[in-house]
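Below: one structure, written as structure tokens.
We did not get these values from a lab; they are worked out from the coordinates using the rules stated. On a predicted model such as this, the values are computed, not experimentally measured, just so you know. FYI the Cβ positions are ideal-geometry reconstructions off the backbone, even for glycines, and counts take in every protein chain you see.
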Amino acid sequence: MLLPLLFSLAIISAPPIAVPANLIQGQLAATGQSIQDSLPALHTLRDEDIASVTSRHEDQTLTVNMKNGTVYLYHHIDWDLEDTYPTTPERIKAAVDDLGHITFTKAEHMPEFPGGDSAWQKYLDTFCTAHKKDIHKAGPADVMVQFTVHLKGQLTYIEPISGPYNAKQTALALQAIRESQPWTPATQNGHLVVCFQKVKVTLQ
């Protein structure tokens, strides 16, 4: 498990909400600013249209004040991975970095393939059938792969765990993970969290 301090920071991530927190509603009303009901992705915002960006560690939110008076409030699920886009303004990347990237190694409910183990096995069977010739050339194998599952089920940092695999077997196993659908993210204390996962990819 991660250190207690990191643990406490991670569990406060909120579900996707495109409305302002009560904490800032009064302040906005006083200044005449408005909040949008829907959020544009952070990487689609233009730096020249942004007045300021504020991050709050207390609730893991990021507030973007636009020059036209509109205010966008982003929860963890909204800003997760947005700093990886080349089009994301640098000050937004800095604000996301300031909030930190907390990744659990274990959680109450670990990430899983949608539908559970049976659905995962069905997916692998379909993958192996589609790549039967490549698997025959590489040879059958059980390849352990680890990766990170994000709040919307996106997978990053996909890599093999050391073992007796050849390069072709490893490439096929990584391809199977990359081509799988978004996973069900982990939860801790009822909150979605970013979490490591590792699975066995059986090539046969």
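Residues checked against (1) out of contact with any Cys (no Cβ under 8 Å at 6 or more places or on another chain); (2) of a type in the set (Gly, Ala, Ser); (3) in contact (Cβ under 8 Å) with a residue 24 or more places away in the chain; (4) within 25 Å of Cys195 (Cβ to Cβ):
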position	(1), (2), (3), (4)
Asp97	yes, no, no, yes
Glu112	yes, no, yes, yes
Cys128	yes, no, yes, no
Asp134	yes, no, yes, no
Ala138	yes, yes, yes, no
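Restricting attention to segment 47-77, the residues that are of a type in the set (Val, Ile, Thr) and outside any strand (DSSP E or B) total 1. Within segment 50-83, the set of residues being surrounded by fewer than 17 Cβ atoms within 10 Å (Cβ to Cβ) and either in contact with a Pro (Cβ under 7 Å, 6 or more places away or on another chain) or in contact (Cβ under 8 Å) with a residue 60 or more places away in the chain (or both) comprises Ile50 only. Of the residues making up segment 43-57, those that are under 20 Å from the mean Cα position of the chain (by Cα) and not small (Gly, Ala, Ser) are His43, Thr44, Leu45, Arg56, His57. Being more than 14 Å from Val201 (Cα to Cα) and either hydroxyl-bearing (Ser, Thr, Tyr) or out of contact with any Asp or Glu (no Cβ under 8 Å at 6 or more places or on another chain) (or both) is a property that holds for Pro114.
Within segment 120-151, the residues that satisfy the criterion of being of a type in the set (A, V, I, L, M) and surrounded by 13 or more Cβ atoms within 10 Å (Cβ to Cβ) are Leu124, Ile135, Ala138, Ala141, Val143, Met144, Val145, Val149, Leu151.
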